[in-house]
Every structure is written in C-alpha cells, then in structure tokens.
Amino acid sequence: MKKTLLAEFTAREGAQDEVARMIVEYAAKVRAEEGNLAFDVYTKASHPRAFWIFEVYRDEDAFQAHLKAPYGAPFNAALTPLIEEDASVLTFLDPVA
C-alpha cells in the first residue's frame, strides 16, 4: 500500500525565500529516491509563507528508507529555526475507495 502524507510548516517572516530555496534543493533529492512517487511543494495562495508538501512513497519500506536518507536530518536541522512550528506537521492520508 502506498504511503501518502502532507507535511506543513510556515516560514518565519523574512525567511520565505531561504525556505523555498532549501525545499527546492531537498525536493530534487527526494524525487530521486527509488521509492518516491511524488514530492510536490506548494505555498498556500492566501498565505505564501505557508508551505504544503504532498508526498507519496511506494510503500512503508520506501517511506522508512526516505526517513533514513543522509540528507534528511541536516535539512530538518537547517529548516527548524526558519519556521514557526517546532517541526513540520505531518498528516498521514488514506485513500477513499
């Protein structure tokens, strides 16, 4: 079964451009992962500092491999001081039918 989630966070005032630059670089690495099926980055139209990342992995094993990727922890460590939340807020999704 595919592993699908939405990651959300809000860039601090003045950090939006740096966060966008970082997430674009990170997205390229995640998209190259064997088990990644989608890693789509959005900002909320009515609140451009709010980032939403829609992620889909082939299965739980692919998601676990993503979590263990060597570039994930450094990305999150660099992101944390630039966002309003303590960390990305993750919402795991299940398909309807």
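The values are calculated or read from the model by the stated rules, or taken from the named source; none is laboratory data. No experiment lies behind these values; they were computed from the predicted model shown. Because the Cβ atoms are built from the backbone with ideal geometry, glycine has one as well, and the counts that use them run over all protein chains shown. For accessibility, only protein heavy atoms count, side chains too; no ligands or nucleic acids. Shrake-Rupley method; radii C 1.70, N 1.55, O 1.52, S 1.80 Å.
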Might you let me know whether region 74-87 holds any residue that is open to solvent by less than 40 Å² (accessible area, probe 1.4 Å) and out of contact with any strand residue (DSSP E or B) (no Cβ under 7 Å at 6 or more places or on another chain)?
yes
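Among the residues of region 36-59, what is the count of those that are touching a residue at least 40 places away in the same chain (Cβ under 8 Å), part of a loop (DSSP other than H, G, I, E, B) and farther than 16 Å from Leu93 by Cβ? Step through it out loud before you land on a result.
First, pick out the residues of region 36-59 that are touching a residue at least 40 places away in the same chain (Cβ under 8 Å): 50-59.
Remaining after also requiring part of a loop (DSSP other than H, G, I, E, B): 58-59.
Imposing the further condition that a residue be farther than 16 Å from Leu93 by Cβ reduces the set to none.
Number satisfying all stated conditions: 0.
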Considering region 34-46, residues that are aliphatic (A, V, I, L, M) and more than 10 Å from the chain's Cα centre (by Cα), and then whichever is surrounded by the most Cβ atoms within 10 Å (Cβ to Cβ), we arrive at Leu37
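Hey, among Ala62, Ala28, Ala20, Ala69, which residue is open to solvent by less than 70 Å² (accessible area, probe 1.4 Å), at pLDDT 95 or above, within 16 Å of Leu5 (Cα to Cα) and not in a strand (DSSP E or B)? Lay out the reasoning, then the answer.
On the way: Ala28 fails: within 16 Å of Leu5 (Cα to Cα); Ala20 fails: within 16 Å of Leu5 (Cα to Cα); Ala69 fails: within 16 Å of Leu5 (Cα to Cα).
One residue alone meets the criteria, Ala62.
Could you tell me whether Glu33 is touching a His at 6+ places or on another chain (Cβ under 7 Å) and assigned to a loop (DSSP other than H, G, I, E, B)? Step through it out loud before you land on a result.
Values: touching a His at 6+ places or on another chain (Cβ under 7 Å): yes; assigned to a loop (DSSP other than H, G, I, E, B): yes.
So Glu33 fits the description; yes.
Taking the options Arg49, Arg58, Arg31, name whichever one is charged (D, E, K, R) and under 13 Å from the mean Cα position of the chain (by Cα). It would help to see each step written out before you state the result.
Values: Arg49 fails: under 13 Å from the mean Cα position of the chain (by Cα); Arg58 fails: under 13 Å from the mean Cα position of the chain (by Cα).
Just a single option satisfies the conditions, and that option is Arg31.
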Flagged in region 8-21 as touching a residue at least 60 places away in the same chain (Cβ under 8 Å) and not polar (S, T, N, Q), in numbering order, are Glu8, Phe9, Ala11, Arg12, Ala15, Glu18, Val19
